[in-house]
1. Could you tell me what percent of the DSSP beta bridges with both partners in the chain are antiparallel, to the nearest 5?
2. Apply the Kirkwood formula to segment 250-341: the hydrodynamic radius equals the inverse of the mean of 1/r over all pairs of different alpha-carbon atoms; give it in Å with one decimal.
3. Starting from the Cα of residue 201, draw a straight line to each of the lysines and keep only those under 25 Å, dropping any in the same chain fewer than 8 residues away.
4. Gain in length, residue 93 to residue 79, computed as 0.36 nm per residue apart minus the alpha-carbon separation, to one decimal in nm?
5. Work the Kirkwood hydrodynamic radius out for segment 187-339: mean of 1/r over every pair of different alpha-carbon atoms, inverted, in Å.
6. Using θ = phi - 60° and the Karplus relation 6.51 cos²θ - 1.76 cosθ + 1.60, list the HN-Hα couplings for segment 80-88 in order, rounded to whole Hz, with x at every Gly or Pro.
7. Put a dot 7 Å past each Cα toward the Cβ at residue 221 and residue 115; how far apart are the dots in nm?
8. Could the peptides 275-288, 100-113 be put in order, highest first, of the mean number of other beta-carbon atoms found within 10 Å of their residues?
Amino acid sequence: MAKLFEPYRLKSLALRNRVVMSPMCMYSVWAEDGVLNDFHATHLLSRAVGGAGLILVEMTDVDPDGRITVRDSGIWDGRHQEALARIAALVHAAGAAFGVQIAHAGRKAQSESLSPVAPSAIPFSDRYRVPHALSTDEVRRLVDRFRDGAARAVAAGVDVIELHAAHGYLLHQFMSRASNRREDVYGDPTRFGRDVILAAKSVMPPGMPLFMRVSGTEHSALGYGVDELVRMARVFQAAGVDLFDVSSGGNLPGDVSEFPGYQVPYAEAVAHGTGAPVMAVGRLEDYALAESVVAEGRANLVAIGRGMLLDPYWANSAALALGEHTLLPEQYHRAIPLDRR
Ligand SMILES: Cc1cc2nc3c(=O)[nH]c(=O)nc-3n(C[C@H](O)[C@H](O)[C@H](O)COP(=O)(O)O)c2cc1C
């Protein structure tokens, strides 16, 4: 049996397989109010019908100014919770678990009407605005925003929450000396993350796991490398993170060459350094590669991003290619050879 299609359990989270839909911003909240709409419902439900074990909603922001663009998803009021609850029910009915990635864009807020904030008044690049350096009280209020966002996600019926501490967004900005030059308590690169983890956990049921997406390295001598990240991950694990989703980069401008499985070594380093389960991500859409990452114990879960934009039924396609039975719902079984149904 393909290991990729074995069930996975972490605390109260029970997944039918190890395939996760990676969180992906769709920039499609046309009403600009943060409320997920029919496009998002269809988009997320399609990947659940396609067989993924866990659907992670795109970066969903705890504050209006914490969006990258005004078309991003939000979780700062009750309307967001209602929209999320509707999608949670659809995804659950299709047999997948459902989670949301909660976040704040910090200095990467781009729409003109949004005000970028950050640990220090250092822009991401010369094409970005200089962010407002948050006061200590303002940082504390954002911790509360994360707590309230997590509470709304829980009330909406999610099975898991992921904190977005990667790709140069606010949680990551605090972790990096390239963006955090503070002299108060939040100058400690793990302090904001730790406070946010404790706040989120305070409103989550004890059995619900908390994932954290981290950038395993900043790909630059100006930022942290994987050893430093592992040391920070230990602090986050002690504060309550149950699984690390390991990506890379995003806090310093510059391109990195991507190749199949290019970020898996960072996931392995975090797993070895913390003992926590990990999710690998990044060019893992080749079915045999995704299977080998799990079968060789290099990661517990694999997240598929662009591969699922191309093929919403990626999980089903992978299952059939790896000799498994279909993951499609009963209504579609006539499309599948008899011995694979
Ligand atoms: C359109 C698009 C939007 C994305 N938005 C997010 C996001 O909201 N949160 C996040 O953590 N990563 C985001 N990513 C990164 C993906 O989740 C994933 O980590 C990355 O694409 C690498 O995986 P892949 O090679 O399977 O696509 C986005 C990627 C794409 C292509």
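1. Details: 3 of 38 bridges.
Close to 10 percent.
2. Values: mean 1/r = 0.0675 Å⁻¹.
For segment 250-341, inverting the mean 1/r across all distinct Cα pairs yields 14.8 Å.
3. Result set, ordered by chain and number: 11.
4. Numbers: separation 14, 0.36 × 14 = 5.04 nm, distance 2.18 nm.
Roughly 2.9 nm would be gained on extension.
5. Values: mean 1/r = 0.0581 Å⁻¹.
Hydrodynamic radius (Kirkwood, Cα pairs) of segment 187-339 is 17.2 Å.
6. Values per residue, Gly and Pro as x: 5, 4, 4, 5, 5, 5, 5, 6, 4 Hz.
7. 3.8
8. Values: 275-288: 20.2, 100-113: 23.5.
The densest-packed peptide leads the list: 100-113, 275-288.
Values quoted throughout were computed directly from the atomic coordinates according to the rules given, and no laboratory measurement underlies them. Since this is a predicted model, take the numbers as computed values, not measurements. Please note: Cβ atoms are built from the backbone with ideal geometry, for glycine as well, and neighbour counts cover all protein chains shown.
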